1. For every other residue with a beta carbon closer than 14 angstrom to the beta carbon of LEU282, add +1 if it is Lys or Arg and -1 if Asp or Glu, then tell me the sum.
2. Going by average Cβ neighbours within 10 Å, how do the peptides 220-227, 279-286, 81-88 rank, with the highest at the top?
3. State, to one decimal in nm, how far the label point of LYS175 lies from the label point of ASN133, with both points 7 Å from Cα in the Cβ direction.
4. Applying a 10 Å radius around every beta-carbon, put 8-19, 360-371 in order of their mean neighbour count, most first.
5. Once amide H atoms are placed 1.01 Å from N in the peptide plane, what residues at a sequence separation of 5 or more from THR146, or on another chain, have their amide H within under 5 Å of its amide H?
6. What angle, in degrees between 0 and 90 and rounded to the nearest 10, separates the Cα long axis of helix 353-362 from the longest principal axis of the Cα atoms of the chain?
7. Below 12 angstrom from the Cβ of GLU82, what's the summed charge of the other residues (Lys, Arg +1; Asp, Glu -1)?
8. Taking a cut-off of 15 Å, what percent of all Cα-Cα pairs in the range 227-319 are separated by more than that?
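Read-outs throughout are calculated quantities, based only on the coordinates presented, and are distinct from any laboratory measurement. Everything numeric in this text was worked out from a predicted model, so none of it was measured. Glycine also receives a Cβ, built like all others from the backbone with ideal geometry; neighbour counts cover every protein chain displayed.
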Amino acid sequence: MNPSVFSFPNKIVFGNGTINTLSEQLSAFSLRKILLVTDEGIREAGLTDEVTKRLESAQIDYAVFDGVHGNPIEADVLDGAEIFQKEGCDFVIGMGGGSPMDVAKLICLKVTHELPLETYSNLHGGSEKITSNLPSMLAIPTTAGTGSEVGRGAVVTLKSVNRKTLVFSPHLLPKVVIADPKLTVGLPRKLTAATGMDALTHNIESYLSTVYHPICDAIALGGIRLVAQNLHRAVENGGDLEARGGMMIAAMMGAIAFQKELGVAHSLAHPLSTVAGLHHGLANAIVLPYTMKFNREAAPNRLRDVATSFDVNVNGLSLEEAAQLAIHQVTQLCEDIGIPARLREVNVTEEMIPALAKAAMEDACHLTNPRPCTEQDMIDLYRQAI
């Protein structure tokens, strides 16, 4: 695929080999020293070398922070901010999956905003407290999942409540994205599947969301179609650059679409990370079919559209039949790419359900779900998924 440059909502440099434009992209900024934010896995895989060797060649000074957890915690942000300030940095590169990119955004926030991190939480109206004086950031995704590279939000587990929270502001948006499908080729099969299902969940939940945003609706349906066309291929053949590129775009479309907010799958998935330690994408993947069944009667028209995006012919079918086909397509895709069908297969137990359900109700994502949720609904959904 030929490299291309476009803007929506930020500048995206997309295509095979576009990591080679790193120095060119950085030349647009007046910078002194860069903090490269990543995780140990990305560093050990040698992917950070793709950045550092280019920085050294361009004689750009940098420091590296690779202390990001798989499910980011508040300490990751505070530790990274301390290194940023100690090293005299004034620019951030976030490289990896959603976790390093979210932490990179929050490091940019914390080095100029002194209040406790929870003050800036979406639940506390924190976006109004976030001003524009953040360091600039460039994002380099190495997975196709969260789409954090084009998102205005960042998710982190707060120490005070041990709960994932969203910090949201247009000022958190990276200035530039380098989306190079070649950087995702080495992603293991299981992570390709889990992150890809995260992208699908974002697109489906944003489309089902009760928020009115027809532009994002169209983007979400396009993202679903790209996942349907490319995820199985990317899992089966990690070197399929066309499929890898399709999934990178699908992930970005999901993140753009969920300006409409999300739904109950995310409210269920977030506690599965904090309570049970599950990878976020895997948690979404397992619960998604169950939440689609839960929403079937409330949003049959929209689920029919989901089925259509999977290239299923729904002509002559009732709304209920078409909606059921959408659920079947997602369930079948999960099976085809090796996603466990049940939470018990990933060590989630019945004993965890009360704590999980309580935390799920405290998570704001379900507030825009097409079917209103009670704590008993959360309990029932966890039980069905186990």
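1. Numbers: positive: ARG189, LYS190, ARG342, ARG344; negative: ASP198, GLU345.
Charge balance near LEU282 sits at +2.
2. 279-286, 220-227, 81-88
3. 1.7
4. Top of the packing list down: 360-371, 8-19.
5. GLY98
6. With rounding to tens, the tilt is 70 degrees.
7. Net charge in that neighbourhood comes out at -1.
8. Counting pairs separated by more than 15 Å, the tail of P(r) holds 71 percent.
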